[in-house]
Structure formats: C-alpha cells, structure tokens
C-alpha cells in the first residue's frame, strides 16, 4: 500500500499517537488496550527505538499486565529482522502494535520493509490498532522529524527523513512539544512543504486518528500548525531565519476533534464520534 492511501476513506484502522511520558492510569494506554480487544488483545511491543529494550519491555509488560493483557516484544535490530518471517507472524497475529520511545533515527531501518508493509495493510483493513509514543510517535508519518533544535525557524533548526507512512500524508508529528519548546522546530519542518499539517503533541497527551480525523486525548494540548495559505520565503543560508507569514494555529485539549481533510477543528467533547 502506498503511504498516500492513508488519506482514502477505506483506511479503517486506528492510530494512537502519544507525545511521550504517558502517565500510567491516565487513560491513554487503557484506550489502546480497549481498541485492541480488551482482555483478548494480542499486543506486540516494538522496542527498536530504545537503547534499553529489555528494561523498556519489562516496564510496559508490568503496565499492560495491570490492564489485563500481556505483551510480546519485537526488537527488529535492522532490515533483515524487519523482512523476516518471525516479525511477519507476530505482526499478522497482533491486534495492537505499540512502538516505544527512544531515538527515532533507529526506526529509519524499518521504512519500506516487509514489517512496514504489513503494518500498513493491517491498518488499512482495520485489523489492528497501532500506537507510538515519543520517538515511536514521530516515526508514524510519511516524513519524520529526526532531530534539531533552536529558537528560530530555519533550515538548520530541523532534520527530517522518511517515516513509516502510517499516518495520513498531510501530517508531520513532533512530541514532548510544549515541555521542550518545539514550535520553532515544527514550523521549520512545515516550511519545507506547506501542504503538511504540523502536529505538536504534549506529554501525557495523544491524538487518536480515525480515517481523516483525530480526537485529542490526555491531560495536555495538541498544537496544529496549518500553513496551506501561508507565505514562506526561504533564506539564503540554512542558519538564516525563514520568513513565514499567515500560519494558522489550533491549540486543542482533550475532547477536541480535528478534521484533516477540511483542516477544521471541532471544539469540545467528541467521544461519541467513536
């Protein structure tokens, strides 16, 4: 499946994109388990992004056990693992797949692999819920932010690369957003292509993507930056500031819904949509 198929009405699966540092008992992981089948859920934890996979798996195993389900770890050390039969069997059988945090650059090795294609197919068919937190969330788009920092909007403020292509193509994600003052980085990424919707997600906050809409969950805010009608003037040097005028910002707490196709927000509780 081409990454762009995520924009089509037949894209049936749910994605839960978490901004990192999710509090146990806050409702985010509970929602993931519920959507994955409750006590009958078969959850696979992908620990590729972290440098401490045993510790991360043990931590999530304890949390998910308290929610009534177990987990199976899928480490995927590189492309050979991601193209292998063992990974395919786990992903084909899973009702929920959760990508841990860590360093999203480690997830670049999965782009375009058999595992990546299986996840796209499961999502398109509505057969599995896919979630990611922190680095695992950033990698879900067609393009992912790999790093970068700085107080201004410039080409040097952000580094990007190909992502897993699970999200609708218009979305580019940043995490730990308000806590780490990442608005300049998100705007810098968005300025590379004004068709992108930049979505910055705070800690203990998530967006639940259903087709071409998402609902905000958790205790923080999702910031949506829409530059479709903006004016951008790129600077001569990477360190020089980019001129960006007419960007539309939405600050959306829990219960708000954003329509990706129309680029409009619905304010207030909207849980009955799901």
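Every number here is computed from the coordinates shown, using simple stated rules; none is lab data. These numbers were taken from a predicted model, which means no experiment stands behind them. Here the Cβ is made from the backbone with ideal geometry for all residues, glycine too, and neighbour counts use every protein chain on show.
Evaluating residue 178 against the criteria (1) surrounded by 15 or more Cβ atoms within 10 Å (Cβ to Cβ); (2) without any contact (Cβ under 8 Å) to a residue 60 or more places away in the chain; (3) in a strand (DSSP E or B) leaves one unmet condition, (3). Pairs are defined by a Cβ separation below 8 Å, a sequence spacing of at least 6 or placement on different chains, a first member in the stretch 102-129 that is in contact (Cβ under 8 Å) with a residue 60 or more places away in the chain and on the phi > 0 side of the Ramachandran plot, and a second member that is assigned to a loop (DSSP other than H, G, I, E, B) and surrounded by fewer than 16 Cβ atoms within 10 Å (Cβ to Cβ); the pairs so defined are 126/12. Checked against the criterion of being free of Cβ contacts under 8 Å to residues at least 60 places away in the same chain, out of contact with any helix residue (DSSP H, G or I) (no Cβ under 8 Å at 6 or more places or on another chain), within 17 Å of residue 244 (Cβ to Cβ) and surrounded by 17 or more Cβ atoms within 10 Å (Cβ to Cβ), the stretch 161-173 contains not a single residue that satisfies it.
Of everything in the stretch 104-115 that is in a helix (DSSP H, G or I) and out of contact with any strand residue (DSSP E or B) (no Cβ under 9 Å at 6 or more places or on another chain), the residue that is farthest from residue 87 (Cα to Cα) is 106.
Being over 16 Å from residue 170 (Cα atoms) and in contact with a strand residue (DSSP E or B) (Cβ under 7 Å, 6 or more places away or on another chain) is not true of residue 247.
Residue-wise test of (1) in a strand (DSSP E or B); (2) in contact with a helix residue (DSSP H, G or I) (Cβ under 7 Å, 6 or more places away or on another chain).
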| residue | (1), (2) |
| --- | --- |
| 102 | no, yes |
| 117 | no, no |
| 132 | yes, no |
| 156 | no, no |
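The residue of the stretch 130-156 that is farthest from residue 79 (Cα to Cα), among those that are more than 17 Å from the chain's Cα centre (by Cα) and touching a residue at least 40 places away in the same chain (Cβ under 8 Å), is 152.
Restrict the check to the stretch 234-244 and report whether at least one residue is surrounded by fewer than 17 Cβ atoms within 10 Å (Cβ to Cβ), in contact (Cβ under 8 Å) with a residue 12 or more places away in the chain and touching a helix residue (DSSP H, G or I) at 6+ places or on another chain (Cβ under 7 Å). Taking every residue of the stretch 234-244 in turn, at least one turns out to be surrounded by fewer than 17 Cβ atoms within 10 Å (Cβ to Cβ), in contact (Cβ under 8 Å) with a residue 12 or more places away in the chain and touching a helix residue (DSSP H, G or I) at 6+ places or on another chain (Cβ under 7 Å). Tell me, yes or no, whether the stretch 70-90 has at least one residue that is in contact with a helix residue (DSSP H, G or I) (Cβ under 7 Å, 6 or more places away or on another chain), assigned to a loop (DSSP other than H, G, I, E, B), buried (at least 20 other Cβ atoms within 10 Å of the Cβ) and without any contact (Cβ under 8 Å) to a residue 60 or more places away in the chain. Yes, some residue in the stretch 70-90 is in contact with a helix residue (DSSP H, G or I) (Cβ under 7 Å, 6 or more places away or on another chain), assigned to a loop (DSSP other than H, G, I, E, B), buried (at least 20 other Cβ atoms within 10 Å of the Cβ) and without any contact (Cβ under 8 Å) to a residue 60 or more places away in the chain. Restricted to the stretch 217-241, and to residues that are under 26 Å from the mean Cα position of the chain (by Cα) and in a loop (DSSP other than H, G, I, E, B), which residue is farthest from residue 189 (Cα to Cα)? Among residues in the stretch 217-241 that are under 26 Å from the mean Cα position of the chain (by Cα) and in a loop (DSSP other than H, G, I, E, B), the one farthest from residue 189 (Cα to Cα) is 219.
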